[in-house]
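Okay, structure first, notes after.
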Amino acid sequence: MHETERRSAEQPSHSLISRTGVAYYPIALVARLPFAMMVIGVLTLVVSARGSVELGGLNSAMVGLGIACVGPLIGAAADRFGQRPTLLIAGAVNSALLGALAWVAFSPAPTWVLFLTSFAVGATVPQISPMSRSRLVTIIASELPRQRRPRLLSTVLAYESAADEVIFVFGPVAVGALATTLGAWAPIAGAAILTLCFVTAFAVHRTSAPAKSAEERAATLAPASHLWRPALLITVFGIFTVGLFFGSMLTSLTSFMQDRGDAESAGLVYGVMGIGSAIFAIGVALLPARFTLRARWLVFALMILAGTALLQTADDLPRMLLSLAIMGIGIGPMLVTLYSFGARRSPEGRSATVMTMLGSGLMVGQSLAAAVTGVVSADLGTRAAMVLPLVSAVLAVVAGVANWVLTPAGREPGISTGPIELD
């Protein structure tokens, strides 16, 4: 009896789920849904309210610009003052601004007011995915047995990437369903409600560590200059190239389907890559340790390159589906690998900042590529637009080669409770 009680008492220190609780995962999953609904939701809202696809696209880009400019600062605030107050404030402000955007879009307000409101919506987006990664990585690094940390880190980052894939597949579906049944305002209103409810629940969850005192921050917070080390910057650039791929691929696919008179099905076709990507992202946790992170970056980037090369010959839907399936094999594991590098290269005390830098890099790449690909598609046609995913894949491979040079064999960064040395 005493032995059983002793083991029960010890078990929480050896189990991640006993530390987080089962409820953490559905809360964190739903809390990131508004982020996936936002860009396409703003596009749908503005096109319906103002009757201009161009204006809708520009406002979606303003949302992405707001995220890029202010997102890392929200991460820095979480590292400095704690996730709870940061998310409670950001969630409340973002929810109110989403409601304001729905009103401004249908009002006679000038275009510059609409742009400013869209930027403010992006600037206040609660960074749930980076914050969740930061929480789980911190728990693994500080509260779980050292020998289990590498495998747990890989598993957690695989789960987080799979969760993002699922959300980004179903986010546009939710927008379409709400807009069709209730009106163009409904996706933005739904995002506001979800933000208010689930971001608040995520913020007050017990995994949110309390804010550190000034003395604790001085002792545990690495200098901001450590965020500019080459090994970390190449990781941010790597995930930026993935964002370029997402934006160019979805936009060129939409053009491809529009040429066939079925633009509405682009999201469903795109899901072929998303579903495969999520499955293979989870499978990364099963890869052997001898298959190193720097090797994974190159292998998965080359897989994406193979898929985008096949894309150049896609004249019919079956070949398009095949190329998407091949890309899906590489893109999910690629994201897991990049976030793994980000976690292991985070300067001490700046995990949320780094994760938010990665999330912002992904969004900036996606927004930029979507805008450029849309212009190329309109001016030069679908075939020219489909070259851009290939360009993004080439950049991902180049970044992988640079990372290989910056990460000598046998010196890949590990996860620990102390400062992490960057190569």
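Each other residue within a Cβ distance under 11 Å of Thr207 adds +1 if Lys or Arg and -1 if Asp or Glu, for a net charge of +3.
Out of region 277-321, which chymotrypsin sites (Phe, Trp or Tyr not before Pro) are coil in DSSP terms and have no more than 16 other C-beta atoms within 10 Å?
Values: sites: Phe280, Phe291, Trp297, Phe300; in loops: Phe291.
Passing both the DSSP loop test and the Cβ count: Phe291.
Phi angles across region 66-83 convert, under the Karplus curve 6.51 cos²θ - 1.76 cosθ + 1.60 with θ = phi - 60°, into 3J(HN,Hα) values of x, 4, 5, 6, 10, x, x, 5, 5, x, 5, 5, 5, 5, 8, 10, x, 5 Hz, Gly and Pro given as x. The string of couplings for region 256-262 from the Karplus curve (6.51, -1.76, 1.60, θ = phi - 60°) is 4, 6, 5, 4, 9, x, 9 Hz, one whole number per residue in order, with x for Gly and Pro. The trypsin sites (Lys or Arg not before Pro) found in region 322-411 that occupy coil by DSSP, while having at most 14 further C-beta atoms within 10 Å, are Arg411. Ala314 sits among other residues whose Cβ lies under 14 Å from its own Cβ, and their net charge, with Lys and Arg +1 and Asp and Glu -1, is 0. Annotation: Tyr159 carries an accessible surface of approximately 80 Å², with a 1.4 Å probe and no ligand, DNA or RNA atoms counted. Determine, from the Cβ-Cβ distance of Val93 and Arg290 and an R0 of 51 Å, the FRET efficiency 1/(1 + (r/R0)^6), rounded to the nearest 0.05. FRET efficiency, Val93 to Arg290: 0.60. Heavy-atom accessible area with a 1.4 Å probe sorts Asp379, Asp316, largest first, into Asp379, Asp316. Note on region 248-394: dipole from Cβ charges, positive end direction compared against Ala295, Gln366, Leu322; the farthest Cα belongs to Ala295. Kirkwood's formula applied to the C-alpha pairs of region 272-353 gives a hydrodynamic radius of 13.6 angstrom. Please give, to one decimal in nm, the separation of the simple spin-label points placed at Val372 and Trp103, each 7 Å out from Cα toward the Cβ. Going from the Val372 label point to the Trp103 one covers 3.9 nm. Label positions at Asp316 and Asp262, each projected 7 Å from the Cα along the C-beta direction, are separated by 1.3 nm.
The values are calculated or read from the model by the stated rules, or taken from the named source; none is laboratory data. Computed from a predicted model, the values in this text were never measured in an experiment. Cβ: placed from backbone, ideal geometry, glycine included. Neighbour counts: every protein chain shown. For the accessible areas, the whole protein counts, side chains as well, though only heavy atoms, and no ligand, DNA or RNA atoms are used. Shrake-Rupley method; radii C 1.70, N 1.55, O 1.52, S 1.80 Å.
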